[in-house]
Amino acid sequence: MSEKKFILYVQTSDAPERQYSPLVLAQTAKAMDIDARVYYLGMGLKILLPGAAEAIKMGSFPTVKEMMDKAMKMGVEFYVCEASKQMLGWEKVVLIPGIKIVGAGTLNDFALDAGAAMWF
């Protein structure tokens, strides 16, 4: 029996307008009983600093932090790239709770195992 497929959403940007799509889509996937994972890479890590996601609110949407919290409560898994942390010079950094720090190879594994992958 094969493992249940998931959708992988990769966030590479710290641009405020690019934060909502992977979170909305991940929440929608969970509502459709599809597992979802969000992987933060490169400059996308800046959103994970305490206070950063709370400061982004666009239109009638909740803050990005509220969207992340809701997604986590729904069971969306969040990951951050260790190599990207090193690239940013963040040897010792505090990120928002609920994020799993993983090696770069994890993204390759996720991409191979996912039913679909989307990049933002």
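When K92 is tested against (1) surrounded by fewer than 11 Cβ atoms within 10 Å (Cβ to Cβ); (2) within 15 Å of G44 (Cβ to Cβ), only condition (2) is not met. Contact map, region 75-95: first residue farther than 24 Å from D35 by Cβ, second residue of a type in the set (A, V, I, L, M) and buried (at least 18 other Cβ atoms within 10 Å of the Cβ), Cβ cut-off under 8 Å, separation 6 or more or different chains; pairs are K85/L45; L88/L45; W90/L45.
For region 37-57, the set of residues classified as of a type in the set (A, V, I, L, M, F, W, C) and closer than 26 Å to A116 by Cβ consists of V38, L41, M43, L45, I47, L48, A53, I56, listed by residue number.
In region 95-110, the qualifying residues are those that are exposed (fewer than 14 other Cβ atoms within 10 Å of the Cβ) and under 20 Å from K5 (Cα atoms), and the one that is nearest to the chain's Cα centre (by Cα) is K100.
If you take the residues of region 103-120 that are small (G, A, S) and at pLDDT 95 or above, which of them is nearest to L23 (Cα to Cα)?
Step by step, filter region 103-120, then rank; the result is A117.
The values are calculated or read from the model by the stated rules, or taken from the named source; none is laboratory data. All values reported here derive from a predicted model rather than from experimental measurement. In this analysis, Cβ positions are derived from the backbone assuming ideal geometry, glycine residues included, and neighbour counts consider all displayed protein chains.
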